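Step one of this worksheet: look at the structure below.
The values are calculated or read from the model by the stated rules, or taken from the named source; none is laboratory data. As the structure is a computational prediction, the values presented were derived from the model and not from experiment. Positions of Cβ are backbone-derived with ideal geometry, glycine not excepted, and every protein chain shown enters the neighbour counts. Each accessible area value is taken on the protein alone, full model and side chains, heavy atoms only, with ligands, DNA and RNA left out. Shrake-Rupley method; radii C 1.70, N 1.55, O 1.52, S 1.80 Å.
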Amino acid sequence: MQANLNRYSRQILFSEIGEEGQKKLRDSKVVLAGCGALGTVIANNLVRAGIGELKIIDRDFVELNNLQRQILFDEEDVKRNIPKAIAAVEKLKKINSQVKLEAVVADVNFTNVEAVVEGAKLLVDGTDNFEVRFLLNDACVKADIPWIYGSCVGSYGLTMNIIPGKTPCFRCLFETAPLPGMAPTCDTAGVINPIVNIIAAIETAEAIKYLTGKFEALNKDLITIDIWEGSFEKFNIADRRDKFDCPCCKQRKFEFLEAKQGSSITSLCGRNAVQITQKSIGRVDFQELAERLKKSGEVTFNKYLLKFSIDQYEISLFLDSRAIIKGTNDFSVARGLYAKYIGT
Amino acid sequence: MTTSIKIPAPLRKLTGNQAVVETEAETLIDLISDLDKKYPGIKERIYDGKEIRRFINVFVNGEDVRFKDGIKTKITKGSEVSIVPAIAGG
């Protein structure tokens, strides 16, 4: 065994990987989009497993309420108020100095997503909203880069592999995002760390299989897990690719990349506020959203407008899902707040 | 004839936290309407007035209803109906 592979001896002893598989891992570049709960577990696992290169992109800073589940961060990171991608890379360097690590502190959007995925052998999903996943799906399908979807909320999680040309893509399964406010998020419904670990573990296992060339072992189904009730289910989704005329992977219309779908964002000059407009059609159910938000901050609504205050920010949401976020001029902060509390 | 529908955790707020709901419906659309009678609001969440919403997947005995008969898909005794909503957290 080569000297620099000694640290992976227990993984190399696993016959499905072996020394050959370990070398393939070492020669792999992976992009991790999102470095929160799922992302920190995935990054920790992939770096310990010895991939060659990991690029981590995330727009957020470390906060105290992250530490319950985001395993690469600690109280010192909160005090230093540093970006998650930077804090993660600092930790990961101490874990495995052989891995080339890159931190990108940025919001993934239609202007940069193709550059984010460029050169990756695989992209792994640690993001927290639908819009970025539709963007990543467009970019990966267009560039023929496989990606692994994972998400969780409460005690429930989902994961599937997207191998362009071979499996259904994300849009084959979820053609549109839920209307704003319709889906629970970790910031409105909470999340417990075991479901994060198990979904991130499956994503890691699938990444290792793919990167070591064990394609026949890859999961082909949509997996759902509820860790509280102990359920694990697999749904056969292979038909989706053949039978559904998917706008993305069949028609090759990359509507999110071309900003024909998704949101647009503008700064409201001089007001320390940002406006987010959704291109999806649909009206928001204020009553239901208010019910969800009241645990997190102050919320009021009438027939036309819902107002929600959290920390120094105030979100004014209109019926057509347009929002004005006061208290920031920073697009990534505004997008983050929208994803966390309105949820799309 | 009753069939058990498993309600996934993200939708259980609408069923008063019930994880399993019984129905005697014989088609998927009747099942959804029956659910809505017991738990008002759940129909709108799953169904857009014409079809199952495009961010929800429904499987009957593991088969995707979109490639069976959509909302007219038959439900027989002992069928397993699973609703899988898209979720975004991470």
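Can you list residue pairs whose Cβ atoms sit under 6 Å apart, with the first residue in region B:43-59 being open to solvent by 10 Å² or more (accessible area, probe 1.4 Å) and the second being small (Gly, Ala, Ser) and part of a loop (DSSP other than H, G, I, E, B)? Count only pairs 6 or more apart in sequence or on different chains. So the pair list comes out as B:PHE55/B:ALA86.
In region A:234-246, which residue that is within 11 Å of chain B (Cβ to nearest Cβ), in contact (Cβ under 8 Å) with a residue 40 or more places away in the chain and not charged (D, E, K, R) is surrounded by the fewest Cβ atoms within 10 Å (Cβ to Cβ)? Only one residue fits best here, namely A:ALA238.
Just a yes or no: is a residue in region A:173-190 of a type outside the set (A, V, I, L, M) and closer than 18 Å to A:LYS234 by Cβ? Yes, there is a match, as at least one residue in region A:173-190 is of a type outside the set (A, V, I, L, M) and closer than 18 Å to A:LYS234 by Cβ. Of the residues making up region A:290-321, those that are of a type in the set (D, E, K, R) and open to solvent by 60 Å² or more (accessible area, probe 1.4 Å) are A:GLU291, A:LYS294, A:LYS295, A:GLU298, A:LYS303, A:LYS307, A:ASP311, A:ASP320. With respect to the conditions (1) under 23 Å from B:GLY70 (Cα atoms); (2) at pLDDT below 95, A:LYS260 lacks only one, and its number is (1). When B:ILE75 is tested against (1) surrounded by 21 or more Cβ atoms within 10 Å (Cβ to Cβ); (2) within 8 Å of chain A (Cβ to nearest Cβ); (3) over 29 Å from A:ASP128 (Cα atoms), exactly one condition is not met: (2).
B:GLY89 passes every criterion in (1) under 30 Å from A:ILE199 (Cα atoms); (2) open to solvent by 40 Å² or more (accessible area, probe 1.4 Å); (3) within 14 Å of another protein chain (Cβ to nearest Cβ); (4) not hydrophobic (A, V, I, L, M, F, W, C) apart from (2). Where strands (runs of 3 or more DSSP E) sit wholly within region A:122-207, those with at least 3 residues that are within 10 Å of chain B (Cβ to nearest Cβ) and of a type outside the set (Phe, Trp, Tyr) occupy A:147-153. For B:GLU26, the stated conditions hold: it is away from chain A (no Cβ under 14 Å), over 30 Å from A:ILE342 (Cβ atoms) and open to solvent by 80 Å² or more (accessible area, probe 1.4 Å).
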